[in-house]
Amino acid sequence: MITRSLQLSGLRTRPNPTAMTRSQRGLDWLNFFVANFQTGFGPFISVYLTGVGWTQGAIGAALSAGTVAGMVSQVPGGALVDGLRSKRAAAAAAIIAIMASALLIALWPALLLISLAEILHAFASSVLGPAIAALSLALVDPSAFGERLGRNARFLAIGNAFAAGLMGTFGYYISDRAVFLLTAALALPALAALQMIRDADLVSPKTPAKGVLIAQEQPKGWSWRFLRDRRLLTYSACASLFQFGNAAMLPIAAGMVTKRAGSEAELVIAACIVAPQIVTAAISPWAGRAAEEYGRRRVLLLGFSMLPLRGMLFAGISDPYLIIVIQLLDGLSAAVIGVLTPLIVADITRGSGGYTTSLGVVGLAVGTGATLSTTAAGLVADYFGGAAAFLSLGAVGLGATLLVLILMPETKYRA
């Protein structure tokens, strides 16, 4: 195994399992608290800005600035993480920047400053996600990376569900502004969790074990050629098409619930958000183990196939409460894609030194698909009705699934 190979070659080895436990737990809690404070930048910001007298046009302008910045910064953010020696420092700087953006929103709700806060948050998030993925890759053996990603997804899902309830409580009983003060405060335990990850537990990319290629390794002559890898481009296209079909599905379903569930609509919508998170938290580690045992492609097909099934089911129901049950399928898709995306990218970029840059490329593709989804599906719903919109989104999901089936190769590394 890797430890024995390193010992024989006289290079630095991983610490004993007891020492590693602290760093592994630190990464667990880092994911949990990152999910906590990232939740604050969701729908709560629209509620807060409406409460302080903003028009919907002004809110849309500020949020659009963040959306554009988020897409533009995906690849530069990943490249920055690839270029920095200390991934912990990159993560810490991003967390501090997100804390600053939350404080700007809470204390100075003016258009220019809110737009600046949204842009700052977008750029910092484009660094934080790849930095956590890079830390995860450096903390475990390649054979355990899938399961480690599953743990990341589990704690992210638990953190999202917990934060949604906590911030909703703060907003209801204290004030909408308190949500963003809480968001800033939650960055502090995230920094503490980051400190639990010891540098000594991170395998140096310059000292790989014999016969083992580390995806973060940056060999001499590093270039951007890996961005032309057909597997990376194919997966980016698959992920973009999936998000094109997925992103608008819950918003359109929420509109239907609002019309049919009356005063209970908010509870149903909340359940539609929380229920998939529970499923994601429960099965994410399984997704990582299954990807190692059965290969990436089979598990990916399972996750993608849930989208056309959801579209068909949404189009055929009239009971708004059944939406909650159907949304459980979204939890399965989220678990699979959340785990498989960084895992597949690690396979593709193994030994290239471009792991987090490639994550940024996939992130850009995903963001593009999600942005186009809401506009296109909204137009279909307006002109042809909700059922037509669901069937259209499901058809796009079917196309994404067939693209995986026909064009996406197996990327699992075989020594």
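The stretch 262-377 holds helices (runs of 4 or more DSSP H) entirely within its bounds, and those carrying 2 or more residues that are at pLDDT 90 or above and in contact with an Asp or Glu (Cβ under 8 Å, 6 or more places away or on another chain) map to 265-294, 296-316.
Exactly one residue out of Ser101, Ser115 is in contact with a Leu (Cβ under 7 Å, 6 or more places away or on another chain) and either in a helix (DSSP H, G or I) or under 26 Å from Leu364 (Cα atoms) (or both): that is Ser101. Take Ala400 and decide whether it is modelled with pLDDT of 90 or more and under 21 Å from the mean Cα position of the chain (by Cα). So Ala400 fits the description; yes. For the stretch 161-192, filtered to residues that are hydrophobic (A, V, I, L, M, F, W, C) and outside any helix (DSSP H, G or I), the residue that is nearest to Leu267 (Cα to Cα) is Ile174. One residue is enough: does the stretch 305-320 have a residue meeting the conditions of a type in the set (Phe, Trp, Tyr) and farther than 21 Å from Gly378 by Cβ? No - not one qualifying residue is present in the stretch 305-320. Residues in the stretch 73-96 that are surrounded by fewer than 19 Cβ atoms within 10 Å (Cβ to Cβ) and within 19 Å of Ala184 (Cα to Cα): Ala89, Ala92, Ala93, Ile96.
Any residue in the stretch 56-75 that is within 20 Å of Leu137 (Cα to Cα) and part of a helix (DSSP H, G or I)? Yes: one or more hits. Quick check: is even one residue across the stretch 317-328 farther than 24 Å from Leu80 by Cα and among the small types (Gly, Ala, Ser)? Checking the stretch 317-328: at least one residue is farther than 24 Å from Leu80 by Cα and among the small types (Gly, Ala, Ser).
Given the criteria within 30 Å of Gly83 (Cα to Cα) and not assigned by TED's automatic domain parsing to the domain that holds Phe304, does Tyr413 qualify? For Tyr413, the condition - within 30 Å of Gly83 (Cα to Cα) and not assigned by TED's automatic domain parsing to the domain that holds Phe304 - is met.
The values are calculated or read from the model by the stated rules, or taken from the named source; none is laboratory data. None of the values given here were measured: they were computed from a predicted structure. Positions of Cβ are generated from backbone atoms using ideal geometry, with glycine treated the same way; all protein chains shown enter the neighbour counts.
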